[in-house]
Amino acid sequence: MKSLQTLCLRHVRSDDSTIENLVSGCPLLEKLSLIRCYCLQKLNLASPNLKYLKVFHETDPDISSPNIKILGLPFVSNLLRRYPFLEMLEIQVHPGHTELMICFISKHIQGAYVMSEGFQLSL
């Protein structure tokens with residue numbers, strides 16, 4: 001799968017090393033979606049071209065992928081639905097990240113507080 005650029009895995013039961021080996025065998029892979037993939041715990045996705053990662057998982061697997069530019073986390077939407085009266089969302093951004101896009105789905109959220117080393121932003 002040397003020329004594969006987009007991969008979406010849905011309802012796959014696999015361990016971390018199998019997914020890591022699959023991704024490492026796709027050197028041109030730019031977009032990866034992991035939708036309800038089971039048994040994931042700690043993934044290291046060090047693919048140089050992987051820029052987009054979407055993860056929808058019931059738990060919060062530990063995923064390392066340093067080259068990611070766009071990260072889709074639909075489970076955050078589900079998490080926010082559990083707190084219908086949430087008024088403030090606090091997000092900590094790791095150093096080196098330059099952009100953050102936040103889309104609110106709760107009509108009760110009045111603001112967000114974003115923290116990162118070197119700057120703070122209240123929305």
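Filtering the range 1-42 to residues that are within 15 Å of the chain's Cα centre (by Cα), farther than 20 Å from Ile70 by Cβ and in a strand (DSSP E or B) leaves only Lys42.
Can you name the residue in the range 37-57 that is touching a strand residue (DSSP E or B) at 6+ places or on another chain (Cβ under 9 Å) and exposed (fewer than 15 other Cβ atoms within 10 Å of the Cβ) and, of all such residues, is farthest from His11 (Cα to Cα)?
Looking only at the range 37-57, we keep the residues that are touching a strand residue (DSSP E or B) at 6+ places or on another chain (Cβ under 9 Å), and these are 37-47, 50-57.
So of that shortlist, the ones also exposed (fewer than 15 other Cβ atoms within 10 Å of the Cβ) come out as 38-39, 41-42, 46.
Details: Tyr38: 7, Cys39: 10, Gln41: 15, Lys42: 17, Ala46: 23 Å.
Here the answer is Ala46.
Every number here is computed from the coordinates shown, using simple stated rules; none is lab data. These figures come from a predicted structure and were not determined experimentally. No Cβ is skipped: glycine too gets one built from the backbone with ideal geometry, and neighbour counts run over all protein chains shown.
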